[in-house]
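First up is the structure itself, then whatever we jot down about it.
The values are calculated or read from the model by the stated rules, or taken from the named source; none is laboratory data. Please read all numbers here as calculations on a predicted model, not as lab measurements. Backbone-built Cβ (ideal geometry, glycine too); neighbour counts: all protein chains shown.
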Amino acid sequence: MSHPYRDIARNGLWSNNPALVQILGLCPLLAITNTMVNSLGLGLATTLTLIFSNVTVSAIRHWVRPEIRIPVFVLIIASIVTVIELSMNAWFHELYMILGIFIPLIVTNCTIIARAEAFASKNSIPHAFADGLFMGLGFTLVLLLLGTLREVIGFGTLFRQIELMFGDHAKWLTVHLFGNYRGYLLAILPPGAFLGLGFMIAFKNMIDKRIARKHQAIPVKQLVQIVK
Amino acid sequence: MNPGISSSPFLNSGNSVPRIMLWVLLALIPGMLAHIYFFGWGLLINLGIAIPTALASEALMLRLRQRPIKPFLSDYSAILTATLLAIALPPLAPWWLAFIGTAFAIIIAKQLYGGLGYNPFNPAMVGYAMLLIAFPREMTTWLPAQSHHMAFMDSLRYSLFEVLPSGHNIDSISMATPMDIVKTRLGLNMTIDEINAQFHNLFGMLGGRGWEWVNLMFLLGGMLLIFIRVISWHIPVAVIGSLFSCALVFQLADIDAHASPLFHLFSGATMLGAFFIATDPISAATTLRGRLYYGAGIGIFTYIIRTWGGYPDGFAFAVLLMNMAVPTIDYYTQPRVFGHQDD
């Protein structure tokens, strides 16, 4: 346990990424990522939920009996999601209307209960906080990347409908990348999400393989030297 | 003397992948000629875009996958995929439609699944379904069937720059397909006879003016394939039989609100699909009994999608749906091995 926080961060962002490796929470991941703003909104909401639920679960971990832990976790997560849902309804009403059912559905996002069960219920509060933060960030980054890809290919824009999140002052941020772009409907529809996520997972596996090959090359060389 | 040692099979039919693909391509020619006669030069232009795209995407993917390029490029399978897709595209289409569709078919539906022999879905139909979902407007702008049409250069100009000769616009020269017309007008509570009268004998002799000849020519080519045993009769017969029966049942129930069985057989993609697309040896069922189920499923789904679905013709989706069912069909229809008991 030399660098617990570094391990937690690496786990959440890369080697155990909830979306690319654990393939958890696919339903919101695939349904919502048709624009960057939607992805960011859902990602941040999920991250917040993860942090609060991880911290709470970690704080009560000594008092919850193992037989009833799952209902307790679900209750905690549901309360937190309700709070987030109501706040979004109050402050980001248009975005809330677009994300719709997927905000309350964060409750059913497997990532959250998985982190509560697998990590938060066994670790201290600061560690649980870091785990929630980085798992949430890892999820948000994948969401955001997929959302960007689908928005660029599907609509040919960046930061479309940004005003939903930052108000009308941010409207100038919307960029039209190509003049006279007809749009590519497939990228916006569900097949685009499956294809995009498939390519992202393949790309991550490719990078991992490259790294593994590089690390493998050194021990073999050393072995040869030792034999010599 | 060395008799030479090899394992079974000792007799083979002399068929090989390039030979089969070449025969299928040759059998498509009568249908393609009829297509050109009724719908103009567009098919040739689409072919001219689709075939090089298919070969280039195939070469690119084989290179990325570190496979030998030459044997796979010369087996005509990519050319066949491109040809089938080009026939399915509207004759007056911008060049990027054929380009994107073929590249998607070869790269995603064929090579990402492992190349020839490993693709569970028919690549041409995946490409077509993708285009139909992504570009519904471009994909449903057909020309009316007629024997005089745009000059080759005007067609080419539209394909490259989407510019029509002066005095024309796309709405004045294009027309929905008979399949599309029947669907939308039936939705408006018109009867079949009223539709036929409004569109001046839309149905021709068998089903769809012009379209019936294209379908008959594909039927001719398909018969040739069965005759020289490149395909077996099971799938086409099952497709046509089940589509015919479905249409007959509903027509007998209410003759005004349902198109005739002949219309279903000789309009849209039926004959091309039954003989050339559903029989794809890679994505179709392999057992003889399974082929009958597979074909019947395609016919039924085609009828369902044509009649109640959101798209005018459902053949591509029906084929893809049944492709998905092929492993299950093959599992349950394994023939009894001689000497073993049936269980």
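Taking the stated definitions as given, is B:Asp256 crowded, with 20+ Cβ neighbours inside 10 Å, of a type in the set (Asp, Glu) and either farther than 17 Å from B:Asp180 by Cα or modelled with pLDDT under 90 (or both)?
no
Out of the residues in the stretch B:292-313 meeting the condition of being in a helix (DSSP H, G or I) and of a type in the set (Phe, Trp, Tyr), tell me which one is surrounded by the fewest Cβ atoms within 10 Å (Cβ to Cβ).
Only one residue fits best here, namely B:Trp308.
Starting from the stretch B:73-95, keep only residues that are over 27 Å from B:Asp154 (Cα atoms), then list their pairs with residues that are in a loop (DSSP other than H, G, I, E, B) and modelled with pLDDT under 90 whose Cβ atoms are within a distance under 6 Å, requiring at least 6 positions of separation or different chains.
Taking only residues 6 or more apart or on different chains, the pairs are B:Ser77/B:Leu116.
Has the stretch B:69-83 got any residue that is modelled with pLDDT under 90 and within 14 Å of chain A (Cβ to nearest Cβ)?
no
If you check B:Ser7 against the conditions, is it surrounded by fewer than 19 Cβ atoms within 10 Å (Cβ to Cβ), closer than 21 Å to B:Ala124 by Cα and hydroxyl-bearing (Ser, Thr, Tyr)?
no
Got a sec? Which of B:Ala247, B:Ala278, B:Ala257 is in contact (Cβ under 8 Å) with a residue 24 or more places away in the chain and either assigned by TED's automatic domain parsing to the domain that holds B:Pro144 or closer than 30 Å to B:Ile79 by Cα (or both)? Don't jump to the end; show me each part of the working.
Values: B:Ala247 fails: either assigned by TED's automatic domain parsing to the domain that holds B:Pro144 or closer than 30 Å to B:Ile79 by Cα (or both); B:Ala257 fails: either assigned by TED's automatic domain parsing to the domain that holds B:Pro144 or closer than 30 Å to B:Ile79 by Cα (or both).
The match here is B:Ala278.
Between B:Met175, B:Met217, which is surrounded by fewer than 21 Cβ atoms within 10 Å (Cβ to Cβ), under 26 Å from B:Leu44 (Cα atoms), among the hydrophobic types (A, V, I, L, M, F, W, C) and touching a Pro at 6+ places or on another chain (Cβ under 8 Å)?
Going through B:Met175, B:Met217 in turn, just one is surrounded by fewer than 21 Cβ atoms within 10 Å (Cβ to Cβ), under 26 Å from B:Leu44 (Cα atoms), among the hydrophobic types (A, V, I, L, M, F, W, C) and touching a Pro at 6+ places or on another chain (Cβ under 8 Å): B:Met175.
Among the residues of the stretch B:145-172 satisfying the criterion of being in contact with a His (Cβ under 9 Å, 6 or more places away or on another chain) and in a helix (DSSP H, G or I), which is farthest from the other protein chains (Cβ to nearest Cβ)? Walk me through it before giving the result.
Our first condition is that a residue be in contact with a His (Cβ under 9 Å, 6 or more places away or on another chain); within the stretch B:145-172, this holds for B:150, B:154-155.
Now drop any that are not in a helix (DSSP H, G or I), which leaves B:154-155.
Values: B:Asp154: 22, B:Ser155: 21 Å.
The selected residue is B:Asp154.
What do you reckon, is B:Leu80 over 20 Å from B:Ile20 (Cα atoms) and not polar (S, T, N, Q)?
It is false that B:Leu80 is over 20 Å from B:Ile20 (Cα atoms) and not polar (S, T, N, Q).
Give, as residue ranges, the helices (runs of 4 or more DSSP H) completely inside the stretch A:1-102 that count at least 2 residues that are among the hydrophobic types (A, V, I, L, M, F, W, C), touching a residue at least 24 places away in the same chain (Cβ under 8 Å) and surrounded by 19 or more Cβ atoms within 10 Å (Cβ to Cβ).
Values: elements: A:4-10, A:26-32, A:36-59, A:69-91, A:93-99.
The qualifying helices (runs of 4 or more DSSP H) are A:26-32, A:36-59, A:69-91, A:93-99.
B:Leu219: of a type in the set (A, V, I, L, M, F, W, C), over 29 Å from A:Leu186 (Cβ atoms), in the same structural domain as B:Val319 (by TED's automatic domain parsing) and at pLDDT 80 or above, yes or no?
yes
Residue-wise test of (1) within 14 Å of chain A (Cβ to nearest Cβ); (2) touching a residue at least 24 places away in the same chain (Cβ under 8 Å); (3) crowded, with 23+ Cβ neighbours inside 10 Å.
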site: B:Ile100; (1), (2), (3): yes, yes, no
site: B:Ala105; (1), (2), (3): yes, yes, yes
site: B:Gly117; (1), (2), (3): no, yes, no
site: B:Glu138; (1), (2), (3): yes, yes, no
site: B:Trp142; (1), (2), (3): no, yes, no
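For (1) over 18 Å from B:Leu132 (Cβ atoms); (2) crowded, with 19+ Cβ neighbours inside 10 Å, each residue gets a yes or a no:
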site: B:Leu28; (1), (2): yes, yes
site: B:Gly42; (1), (2): no, yes
site: B:Pro52; (1), (2): yes, no
site: B:Arg63; (1), (2): yes, no
site: B:Gln66; (1), (2): yes, no
site: B:Leu73; (1), (2): yes, no
site: B:Ala82; (1), (2): no, yes
site: B:Leu85; (1), (2): no, yes
site: B:Ala93; (1), (2): no, yes
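If you take the residues in the stretch B:119-136 that are within 14 Å of another protein chain (Cβ to nearest Cβ) and small (Gly, Ala, Ser), which one is surrounded by the most Cβ atoms within 10 Å (Cβ to Cβ)?
Applying the filter and picking the extreme gives B:Gly127.
Could you list, in sequence order, the residues of the stretch B:231-245 that are aromatic (Phe, Trp, Tyr) and part of a loop (DSSP other than H, G, I, E, B)?
Of everything in the stretch B:231-245, just one residue is aromatic (Phe, Trp, Tyr) and part of a loop (DSSP other than H, G, I, E, B), namely B:Trp233.
Go through (1) out of contact with any Pro (no Cβ under 9 Å at 6 or more places or on another chain); (2) within 20 Å of A:Ala187 (Cα to Cα); (3) touching a residue at least 24 places away in the same chain (Cβ under 8 Å) one by one and return the number of the condition B:Leu33 breaks.
That leaves (2) as the condition not met.
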